[in-house]
Each structure stands twice: as C-alpha cells, then as structure tokens.
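Structure, as structure tokens:
Only the coordinates and a few stated rules stand behind these numbers; no lab work does. This structure is a prediction, so every number in the text was calculated from the model and none was measured. No Cβ is skipped: glycine too gets one built from the backbone with ideal geometry, and neighbour counts run over all protein chains shown.
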Amino acid sequence: MRKIVKRWLYTMPLLIALSAAAIPLLAAGKGIVGLDVAHEGSRERVTLLSHSELSHKALFHLDNPHRLVVDFPKRHYPQLRLPDSYQGALIRGIRFGTYTRDTVRMVVDTHRKVRVLGSYAVAPTDNGGYWRYVLDIEGEEPRDNSAITAAKPKLPAKPMIVIDAGHGGKDPGAIGRNHTREKHVTLRYAKALQKALLKTGRYRVALTRDDDRYLFLKERVAIARENKGDLFISLHADSNQNADAQGFSVYTLSETASDEEAAALAAQENKADIIGGLDLNVEDEDVASILIDLTRRETLNKSSVFADMMIDALHPKITRLSNTHRYAGFRVLKAPDVPSVLVEIGFLSNRKDEKLLNTREYESLVSSSLVKALDHYFANQPRAL
Ligand SMILES: [Zn+2]
C-alpha cells in the first residue's frame, strides 16, 4: 500500500505544476480539513483531505445548472471553497452543507455536464498525514436531445475481468525441469479462474485465448480494451536460473523496475513478441505524455491497489516470493485505461513448484485466492458512473 501512495504523491508535483491553482486550504479540527483542486488538459481533480478514511455515500449529477453532488457520512467541515484564482474549464464552484443529520453534502458546480472518471481514497503516507478522497472528472460532449430522451438509466454492469493466459502456440513460455510448458499451465489456470468467477454470478469474464494459439502482446492489450475490462490479469509461471527460487509473485507496470530480477523477467516475458516474427519493440512516441495523463495514473494506482489486495488474499498454503509485489516494464500491462497485473503463479524452474502447479488442489487455491482479491477490490473501489 505504501508504495502506491508514494507513487501517487510523487506524481502530484507535476499536476500542481501544470495547474493554475492548487491551494490546499488547511483548517483545524476533526473531519474534512482541506480542499485541493487541480486541472490538467481536459480533466480536473478535486481532493479532500480528511483525518480519517472518507468515502462517499452517493455521487450523482444534476442539471439546471450542471452540478455533481457527493454525499459523505456526517463530518465536521470548515468553510472550504474553490480558490478565486482557479482557472479550470469545468469547475466553477464548490459548496459544502449539512444535508441530513448524518450526511454532509459537497456540491461541485460545473460550467457544463461532466462525467466522473473515478473516485477513490488514498491512505496517508505517514502518521501525521491526512487521508485523501480524490474525484476525477472530465467534460462530457454535448449530445442532441433525442439521445438524451433515448438514454435510460441502467444498473451498473457486473465488472468485466479479462484473463490472459500467457504465451501459447509457437511460444511455449518457460519449460519446467520435468518438461511442463508454461503455455499449458497458464491456459489451465485461466480457465479455472474463469469458471470460479462465473460461478459467483458477480463477474463477466473474457479470455484473451481459450486454446493453444499465439498472440502478440499488443493483441492481448487490445482484447482487454475492446472488452472494456475493469481488470486485466495476465497469468504466467516463472523461470529462474536459480533453481531454488520459488513462490507466487505479482507485477504491476513501471518504467523503472523494482529490482534486477523484475527487469530480467520483464525482458523475458516481452520476448514473446519476437517469437512472433515481428519485433514490436518500439515504444509509442506518446508513452511519455500518456504517463502524465490522469487516466493513466489512476490506472496505475488501481493496478497497484489490486496487486496488494491479491497478496493479502493469498491462501496461507501458497508460498510467496520475497517482495511479492514487484514492478517492471511488462508490455502486456500497458493498456492506459485498464488496471492490469501480471501474476507469476510459481516457478517452473523449481522442482517443487513445477509439481505443485500441476495439481488440481493448487489450481483451486490460486483461483479462490484471486476471486477473494477481486471481491475485496470491487467492494472497495467505487466504479465510475
Ligand atoms: Zn511467461
């Protein structure tokens, strides 16, 4: 958890530098203590600082005039308002008021209709720090009246989980000491996880492949985006020159690897594209600009949050690799708008792990741990409206 928050804070100076006004107004007392507003491109962010974790009870849009209404559990709140110098194109005012005995209402007045890109809580980085409640919005394109009358309110869809069985076809992936092929292990675990998720009735599931076929890494990312995945889970089984290395690990995207092993592993997994005969090892020109994008940053945050929840949810019988959550530049994790993690279920280069990976018992331990992690994640992650 700590790493995520640090990364988020690390990116904040950039956001502040780009915004015309981002003035935290601090006030004494319990409850909500500060308001921070920032804009970057077409997106704007409202951050509330609070003594304790803050999550909304309701979040909705009202017309005439356009405004977002966010209801929180009753807290003390001082006179917080939008700084006069704020120059964002969307937000024109922020008001707080007591709505009911146990509800504080924040109204964000906007110049036009906006949509919520995301809202989430961020834990303090140190003991003296504050919790943050973050609300990211973007202007919505004006629609004609017929579209508005046709639009019916609908229930939020079940979360879409895109499961990616690593490797496949002419790319076998790692090969175990007893000749187990990674591509077969990943497909088996992908199908087991699909089955377990569908059984709960709470998820929709898409697989990037359901047979032994080769896919470029970019194709896997494209499948995640086409399906509008709420989460992308790429399954792999590791291999290491050190035959003693064993256990479960989870990776999230970072341009800088957390350690040499993670960097080497990313290089190895990224090789899948070279096997395809066409090296797509060319970074997009706009990776740098995507990286400062709010959506991108939130996606990285969510990926990290989920990775940590996954570790917490792991069945005690599953051995963990030290520093279980690692970071590196895996190409398959690069969808800018789909939170993505890469799971290395275990090491095929380790005799014990290879044997375990081939058992039904271990397969169901991994599936049930991942289902538990997903349940926890979606219970704690308010979904964009
Ligand atoms: Zn792999």
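Across region 147-249, Cα-Cα pairs more than 16 Å apart make up 63 percent of the total.
Here the label points at Q268 and A157, each 7 Å from Cα along the C-beta direction, are separated by 3.6 nm in the simple model. Taking 7 Å steps out from each Cα toward its Cβ at R81 and T295 produces label points 3.5 nm apart. So, in Å, what gap is there between the alpha-carbon centers of region 298-335 and region 204-263? The distance from the Cα centre of region 298-335 to that of region 204-263 comes to 11 Å.
Fully extending the segment from S55 to H179 would add 39.7 nm, taking 0.36 nm per residue of separation and subtracting the current Cα-Cα distance. Treating r as the C-beta distance of T100 and R204 and R0 as 35 Å, the FRET efficiency rounds to 0.45. For region 39-133, the list of chymotrypsin sites (Phe, Trp or Tyr not before Pro) that fall in a loop by DSSP and count at most 14 other C-beta atoms within 10 angstrom is empty.
Extension gain, R112 to N380, is 93.6 nm, computed as 0.36 nm per intervening residue step minus the present C-alpha separation. Placing R0 at 35 angstrom, the Cβ-Cβ distance between D312 and I275 gives a FRET efficiency of 0.50 after rounding to 0.05.
Extension gain, E140-Y214: 0.36 nm per intervening residue step, less the Cα-Cα distance, totals 22.8 nm. Exceedance of the 30 Å cut-off in Cα-Cα distance is limited, within the set K199/K271; K57/K191; K57/K218; K191/K334; K74/K302, to K199/K271; K57/K191; K57/K218.
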